[in-house]
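Each reported figure results from applying straightforward, stated rules to the coordinates on display, with no laboratory input. Note that this is a predicted model, so its numbers are computed, not measured. Positions of Cβ are generated from backbone atoms using ideal geometry, with glycine treated the same way; all protein chains shown enter the neighbour counts.
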Amino acid sequence: MNLVSECEKLREIPLFRDLDTAKCKLVAMSSDRLHYQAGDPVFEEGDSSDAVYFMLSGRIRISRELKGRSIDIAELTGGAVLGETGVICGRPRSATVIAVEETTMLRTDANVFHELLYQVPQVAVALARELADRVDATSERLLAMADERNEPDRAS
């Protein structure tokens, strides 16, 4: 994948949709290109949050440990952003990420990501929107689960 195609893929990610070409190229050039095969770990729960990952292609599975068991949380395809919350909050990785199929990502160092947020306000605003959407979606799932638990037993 060349720089132009990486920028095209980056623009498919909502964070970078409005980024001009020069800044898009800067993000791509300041990132490491990583390729994973099915089953390869990207990072593990508890690891240091030292970078943000932008998935250009492929599919990954996100899981967490709960009472000694691995619980699958989600599967994501190209266009996903991974690890931004840990980088922003300075916390260890909250989940394990494993490639489900051949996957290509750009890995951007935490310091570079922070600088990007400071220097390019539209990226920071897009990230805030993305995180707000996730909070809303999580709230909806929790409400649905609570509603299911509170429904009377329909079998009686």
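Please give me, ordered by residue number, the trypsin sites (Lys or Arg not before Pro) of the range 6-107 that lie in loop per DSSP and have at most 12 other Cβ atoms within 10 Å.
Values: sites: Lys9, Arg11, Arg17, Lys23, Lys25, Arg33, Arg59, Arg61, Arg64, Lys67, Arg69, Arg93, Arg107; in loops: Arg11, Arg17, Lys67, Arg93.
Answer in residue order: Arg17, Lys67.
By the 4.7 Å beta carbon criterion, which cysteine residues of the chain come out unpaired?
Cys89
Please report the net charge: other residues with Cβ closer than 15 Å to the Cβ of Ala110, K and R +1, D and E -1. Don't jump to the answer; show the numbers that get you there.
Details: positive: Arg91, Arg93, Arg107; negative: Asp32, Asp47, Asp50, Glu84, Asp109, Glu115.
Summing Lys and Arg as +1 and Asp and Glu as -1 gives -3.
With +1 on each Lys and Arg Cβ and -1 on each Asp and Glu Cβ, and nothing else charged, work out how big the dipole of the chain is about its Cα centre, in Debye to the nearest 20. Before the final figure, lay out the partial values.
Values: 19 positive and 27 negative charges, 21 e Å.
The dipole of the chain has a size of about 100 debye.
Report, by chain and number, residues whose modeled amide H sits under 5 Å from the one on Ser94, excluding near sequence neighbours (fewer than 5 apart, same chain).
Under 5 Å from the amide H of Ser94: Gly46.
Net charge within 14 Å of Asp40 by Cβ-Cβ distance, Lys/Arg positive one each and Asp/Glu negative one each, not counting Asp40 itself? Working shown, then result.
On the way: positive: Arg59, Arg61, Arg107; negative: Glu44, Glu101, Glu102.
That sum, taken over residues with Cβ under 14 Å, equals 0.
So what's the net charge close to Glu84: Lys and Arg +1, Asp and Glu -1, counting the other residues with Cβ under 11 Å from its Cβ?
Here the charged neighbours net out to 0.
Please sort by residue number the GluC sites (Glu not before Pro) in the range 27-85 whose DSSP state is loop and whose Cβ has at most 15 other Cβ atoms within 10 Å. If you can, show how the numbers build up before the last one.
Values: sites: Glu44, Glu45, Glu65, Glu75, Glu84; in loops: Glu44, Glu45.
Answer in residue order: Glu44, Glu45.
Using r as the Cβ-Cβ distance of Ala128 and Glu75, and R0 as 35 Å, what FRET efficiency do you calculate, to the nearest 0.05? Intermediate results must be reported in sequence, preceding the final value.
Values: r = 25 Å, r/R0 = 0.71.
Computed FRET efficiency for Ala128 and Glu75: 0.90.
Go ahead and estimate [θ] at 222 nm for the chain from helices alone: -39,500 (n - 2.57) per DSSP H run with n ≥ 4, summed, over the residue count, rounded to 500. Walk me through the numbers before you get to the answer.
Working: 5 runs with 63 residues, N = 156.
Using -39500 (n - 2.57) per qualifying helix, the result is -12500 deg cm²/dmol.
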